[in-house]
Structures are given as C-alpha cells and as structure tokens.
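**Q** Before we start, here is the structure in question, set down as structure tokens.
The values are calculated or read from the model by the stated rules, or taken from the named source; none is laboratory data. Just so it is clear, the model here is predicted, and its values are computed rather than measured. So basically every Cβ, Gly included, is an ideal-geometry build from the backbone, and we count neighbours across all protein chains shown. Accessible surface is based on the protein model in full, side chains and every heavy atom, while ligands, DNA and RNA are left aside. Shrake-Rupley method; radii C 1.70, N 1.55, O 1.52, S 1.80 Å.
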Amino acid sequence: MRLILFSFLFSIHTALFAQQVADTLFKPIIGSVHYAAGTGPLVLIDGGHNNFHTSEGRFSPFRKLLEQDGYRVRGIESELINLTDSLKILVISNALNTDNIGNWTLPCNSAFSDAEIIAIEKWVKNGGRLLLIADHMPFAGAAMELAKAFGFDMLNGFAFKDEHTWPPTQFKKANDELGNHPVCINEKSGQSFDSICTFTGSAFKIPDKATGILKFQKGMYSMQPDTAWQFNEQTLRVDLEEYYQGAIMNYGTGKIALFGEAAMFSAQIAGRDQIRVGFNSEYAKNNVAFILNLIHWLDEP
C-alpha cells in the first residue's frame, strides 16, 4: 500500500514541481513597515548557484515582501567570496551543483566551493547574517557542506509528518512543534503563532547553541531515495525524532537561520489546478508575519 502511495506522490509532485511559478498577483498586507521605502539594510538573494529560487523568479514574492517592509533587495550571481560589510543579510535558497541540473540522483554534490564555504562562514562569524534554505533532495545535499560549517547535519531526503503531502505540513504550537522564541510571536498582536505552514522539504539536526523553531516529533520520517521523488519498499526511512526543519543561531558576532523548506518563504502557483503553494496558501495564515519576524531577528544587533 505504501509503495502505491509513494508512486502516486511521485507522479503528482513531478507534475506540480515542474509547473511552479511565482504568484505575481499576490500582495500580502503587512500593516506598519519596518523601514521607510528603500531605506532598510541591503539584502542579497543568491542566484549564482543554479538556484531554483531567485530574486527575479520564484522568490520574487519574497523579494517584494521585504521591499514592502523597506529593505533594499537585489539578486547576486557571482561567487560568494568577497562578502562585504555593506551587505547585511545574505539569502541562499535551493542552490544546486551543476552536475545535478536535470539529474536529481545521488550523488548530490555541494553547490559551493570550499573557498566559498570558508568565506561565508568567516563573513557570518564577523557579523554577517545568513538565511540558508535547502529543500528536499537534491537541494539539501547541495547545501550540506555549507550547513556543516556551522554545525548543522542535514538529511538529503524528503521529510514527512505523516503519509500525505497535501494539505501541507503544519508545525503546531499545541504539539510542541513550534519553538518558544520571539520569531514565533506576532510582532503586531504579541500573540504566539498557533502554526507555521511548510510544503514537504528536508530535515536536519542542530548544534547545541542553536534554537529549534520547527521541530519534528518521533514517528515523523524522512525518505532517503537514490532519485528524487522515486520511492519503493527498500527506500531508507529515517525517524525524525530530534530533527528540525527550522532553526536559528547566533554565530560569532553574526547570525544564521537554517530552514529545510523554500516554498514557505514565497508565493507560488503550481499545476493545472493553479494550487497556491507558499505564503499565499490558505493554510499559511501566519507565514508572512513569521518571515518578517525572522528577517527582523537577523537584522537586529
């Protein structure tokens, strides 16, 4: 029965994933803004590592959300070597090694050179702020070495809370799946979010100094296939007790936020049925406020 289920999921998600486009018509209501228009710190969104999400593509709703809040946001397509003090926040979402373009099979090699990993780690340690997002295989594999430089241990698989992928995953406060941290409290109302929505993604273990934000529970699992979205009865299945899909950490004089799912940070339309996938989804009522909280936390001294 499980083999039939995962065969169905593969066919559905292959079709959806290939047809994901930015929802350019969705504009969230955020109330008061953090900065006057165009006066906030500089945020760069990586686009130089075969990224599935870029500032002008599927992450354009994310860019527009930050611009709506007053941040200055640009894409960057160069190597991440010479990161300067003028850059406040670097966002990397779903980077991919050139060898895995159109080839979502093992091995999933690092999207970043050793020199880039050294440079990014040093930049964060000296005050930089990094938001690293690495979705399910092969993207988790592509970001694994960069995440490891900060002490995170990523699974290059597909994280599930149960035996379905739609409706999307809800990390709920009531189930102790949503962390007790200011980023999980609505800045406007002062009330804790009751849930945050994600759309499949990956899982990882966190270092001792990190604060878990989205936490899996015992019995939730990650499927570890050889080829993306292709599962069978022999596919390795890892229990996700003590694993997370979101975490934050002070690092030196800088900060890092790691998340194992990308759609939650954007607004997309997927498939023939025009399904809303991201913070435009009816299931993701708190995602916009959560994203802004997270960016504000990265921005803070």
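**Q** Charges on Cβ only, +1 for Lys and Arg, -1 for Asp and Glu, centred on the Cα centroid of the chain; of ALA140, HIS181, ASN250, which one is farthest towards the dipole's positive end?
**A** It is HIS181.
**Q** Nearest 500 deg cm²/dmol is fine: what mean residue ellipticity at 222 nm does the chain get from its DSSP H runs of n ≥ 4 alone, each adding -39,500 (n - 2.57), divided by its residue count?
**A** For the chain, the value works out to -6500 deg cm²/dmol.
**Q** May I ask for the percentage of alpha-carbon pairs in segment 185-301 that lie more than 26 Å from each other?
**A** Of the Cα pairs, 29 percent sit more than 26 Å apart.
**Q** Between ILE275 and LEU236, what is the label-point separation in nm under the 7 Å Cα-to-beta-carbon projection?
**A** Simple spin-label model gives 2.8 nm for this pair.
**Q** Apply the a/c threshold of 1.5 to the C-alpha gyration tensor of segment 109-196 and tell me whether it is rounded, prolate or oblate.
**A** In terms of gyration-tensor shape, oblate.
**Q** Tell me the carbon and sulfur percent of the accessible area for the chain, rounded to whole percent, probe radius 1.4 Å.
**A** Its accessible area is 51 percent carbon and sulfur atoms.
**Q** In what order, largest first, do ARG237, ARG74, ARG272 sit by accessible area if the probe radius is 1.4 Å?
**A** Order by accessible area, largest first: ARG272, ARG74, ARG237.
**Q** So what's segment 24-83 giving for Rg/Rh, alpha carbon basis, Kirkwood Rh from the mean inverse pair distance?
**A** In segment 24-83, Rg relative to Rh is 1.01.
**Q** Considering every pair of different Cα atoms, what Kirkwood radius, in Å, is found for segment 221-279?
**A** 14.7 Å
**Q** What do you get for trypsin sites (Lys or Arg not before Pro) in segment 145-195 restricted to DSSP loop and a cutoff of at most 16 other Cβ within 10 Å of the site's Cβ?
**A** LYS188
**Q** Tell me the Kirkwood radius of segment 96-148: reciprocal of the mean inverse pair distance over distinct alpha-carbon atoms, in Å.
**A** Across segment 96-148, the inverse of the average 1/r is 11.6 Å.
**Q** Using the Cα centre as the reference, give the magnitude of the dipole from point charges on the C-beta atoms of segment 124-190 (Lys, Arg: +1; Asp, Glu: -1; all else neutral), rounded to the nearest 20 debye.
**A** 320 debye
**Q** Continuing with this model, one more query. Summarise the long-distance tail of P(r) for segment 178-223 by giving the % of C-alpha pairs beyond 11 Å.
**A** Tail of the P(r) past 11 Å holds 74 percent of the pairs.
**Q** I would also like to ask the following. Search the structure for amide H atoms under 5 Å from the amide H of GLN268, placed 1.01 Å from N in the peptide plane, and list their residues when 5 or more places away or on another chain.
**A** Sorted by chain and number, the residues that satisfy this are ASP23, VAL277, GLY278, PHE279, ASN280.
**Q** Antiparallel DSSP bridges in the chain: what percent, to the nearest 5?
**A** About 65 percent, rounded to the nearest 5.
**Q** Then there is this: Explain nothing, just compute: Karplus ³J(HN,Hα) = 6.51 cos²θ - 1.76 cosθ + 1.60, θ = phi - 60°, for every residue of segment 185-190 in order, whole Hz, x for Gly and Pro.
**A** 10, 5, 5, 7, 9, x
**Q** What percentages, rounded to whole numbers, describe P(r) for segment 34-135 computed over all alpha carbon pairs with 5 Å bin width beginning at zero?
**A** Pair shares across the bins are 3, 13, 22, 24, 18, 12, 6, 2, 1, 0.
**Q** Considering the alpha-carbon set of the chain alone, what are its Rg and its Dmax in angstrom?
**A** 17.9, 55
**Q** Listed here are the pairs LYS161/LYS285; LYS125/LYS285; LYS125/LYS205; LYS64/LYS161; LYS64/LYS215; LYS64/LYS188; which of them are more than 26 Å apart at the Cα?
**A** Long pairs (Cα-Cα over 26 Å): LYS125/LYS285; LYS64/LYS161; LYS64/LYS215.
**Q** Relative to the Cα centre, what is the charge dipole magnitude of the chain, using +1 at the beta carbon of each Lys and Arg, -1 at the beta carbon of each Asp and Glu, and rounding to the nearest 20 debye?
**A** 600 debye
**Q** Restricting attention to segment 134-221, which GluC sites (Glu not before Pro) occupy a DSSP loop and are surrounded by at most 13 other Cβ atoms within 10 Å?
**A** Filter output for segment 134-221: GLU163.
**Q** Where both residues lie in segment 157-301, what percent of DSSP beta bridges are antiparallel, nearest 5?
**A** Of the beta bridges lying entirely in segment 157-301, close to 95 percent run antiparallel.
**Q** Something else now. Could you tell me which of HIS34, PRO225, ASN51 has its Cα farthest along the dipole of the chain towards the positive end, charges placed at Cβ (Lys, Arg +1; Asp, Glu -1), taken about the Cα centre?
**A** After comparing all options, I get HIS34.
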